[in-house]
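Engineer: Dropping the structure in here first, questions after.
The values are calculated or read from the model by the stated rules, or taken from the named source; none is laboratory data. Note that the structure is predicted; figures quoted are calculated from it, not measured. Cβ: placed from backbone, ideal geometry, glycine included. Neighbour counts: every protein chain shown. Surface areas here come from the heavy atoms of the whole protein model, side chains and all, with no ligands, DNA or RNA. Shrake-Rupley method; radii C 1.70, N 1.55, O 1.52, S 1.80 Å.
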Amino acid sequence: MPIEIPPKLTERLARARRVTVLTGAGISAESGIPTFRDALSGLWANYDLQELATSEGFARNPKLVWEWYAERRLRVAGVQPNPGHRALAQLEKRYEAFTLVTQNIDSLHQRAGSRAVIELHGNIARVKCSREHTVVSEFARDDSPPCCASCGAYLRPDVVWFGELLPPEALARAEAAAQECDVFLSIGTSAQVYPAADLPLRARAAGATVVEINPEKTALTHHAHFALRAPAGVVLPQLLAALGEG
Ligand code: NAD
């Protein structure tokens, strides 16, 4: 499906020295990982995110939350990075400074070969103590949920739930990368969840060219200099090709 890459955008990317990218659940959709909304189907159709993705929900029903994440973890382990992830890994090699900030928890960027990845929402493959917040690698995998060997509290996925703060150091690095880039790409995110949604606006205020890649219109669209309305796995390889890297 060829799409039109505006020549002005190609020129801007060809001249840029510093590029920052923000990705959301949409970039992994073509790998077969459902967005939160799509994941609340089938077995999980009777639950809502207040029960599955908050610390209050976990306190009320730790077994339910652990099992939801265990199912998602299995699904993530069973899929592959798609052409969108791979094109970003390729693009990284071209620039003197390239920062990939992701809201995803699925490691698909790293598996595709991206190096400079800032994870704003944690990683589903990691587990931490719900009381001490220390990351734990050894635990009884049959328990649901297992307990921390040091303090006995339940272990939980090392992801950022609704109402929780983002890791401050990761957020600070993402904000700096947004403020210092020449081009900012916002890919597969609905641009509704703050503070991540503020990153493209910061970039724009600091003078960067802001590009959105998303089949749907979002809250960011009218602030973007370019909006490419097609799936990331289609647009990104064509963007690379336009830069002579395909
Ligand atoms: P979101 O708010 O980031 O919305 C997804 C966006 O992707 C939508 O705007 C949609 O139009 C767009 N999109 C769909 N298919 C696309 C494609 N092929 N190419 C480009 N864009 C596409 O995501 P959400 O599902 O509301 O999740 C919110 C948060 O939940 C995430 O930021 C993340 O922390 C977590 N989450 C992570 C994953 C993952 O790691 N893959 C999956 C689901 C949810």
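Engineer: Among Ala177, Ala191, which is the only one that is at pLDDT below 95, buried (at least 18 other Cβ atoms within 10 Å of the Cβ) and under 30 Å from Arg12 (Cα atoms)?
Structural biologist: Ala191
Engineer: Which pairs turn up if I take residues in region 224-246 that are farther than 15 Å from Val183 by Cβ and open to solvent by 50 Å² or more (accessible area, probe 1.4 Å) and look for partners that are within 14 Å of the ligand (Cβ to nearest atom) and assigned to a helix (DSSP H, G or I) with beta carbon separation below 7 Å, at least 6 apart in sequence or on another chain?
Structural biologist: Sorted first by the residue in region 224-246, then by its partner, the pairs are Gly246/Pro237.
Engineer: Follow-up question, since we're still on this one. Starting from residues that are over 14 Å from Trp66 (Cβ atoms), surrounded by 19 or more Cβ atoms within 10 Å (Cβ to Cβ) and small (Gly, Ala, Ser), keep the ones in region 113-168 and report whichever is farthest from the chain's Cα centre (by Cα).
Structural biologist: Checked region 113-168; the qualifying residue farthest from the chain's Cα centre (by Cα) is Ser114.
Engineer: Let me ask something additional. Kindly indicate whether Val183 is among the aliphatic types (A, V, I, L, M) and more than 9 Å from the ligand (Cβ to nearest atom). Break it down into steps so the answer makes sense when it comes.
Structural biologist: On the way: among the aliphatic types (A, V, I, L, M): yes; more than 9 Å from the ligand (Cβ to nearest atom): yes.
Criteria met by Val183.
Engineer: Can I ask one more? Is there any pair linking a residue in region 99-124 that is more than 13 Å from the ligand (Cβ to nearest atom) to one that is open to solvent by 30 Å² or more (accessible area, probe 1.4 Å) and modelled with pLDDT under 95, with Cβ under 9 Å and at least six apart or on different chains, and which?
Structural biologist: Short answer, once both residue conditions are applied: Thr99/Ala116; Leu100/Ala116.
Engineer: Restricting attention to region 231-246, report how many residues are under 18 Å from the mean Cα position of the chain (by Cα) and of a type outside the set (Val, Ile, Thr).
Structural biologist: Matching residues across region 231-246 total 4.
Engineer: Going through Ala230, Ala140 one at a time, which residue ends up being in contact with a strand residue (DSSP E or B) (Cβ under 9 Å, 6 or more places away or on another chain) and away from the ligand (no atom under 16 Å from the Cβ)? Even if it seems obvious, please write down each step before you answer.
Structural biologist: On the way: Ala230 fails: away from the ligand (no atom under 16 Å from the Cβ).
When all the criteria are applied, what remains is Ala140.
Engineer: Return the only residue of Pro81, Pro62 being of a type outside the set (A, V, I, L, M, F, W, C), touching a residue at least 40 places away in the same chain (Cβ under 8 Å) and away from the ligand (no atom under 13 Å from the Cβ). Lay out the reasoning, then the answer.
Structural biologist: Details: Pro81 fails: away from the ligand (no atom under 13 Å from the Cβ).
The conditions single out Pro62.
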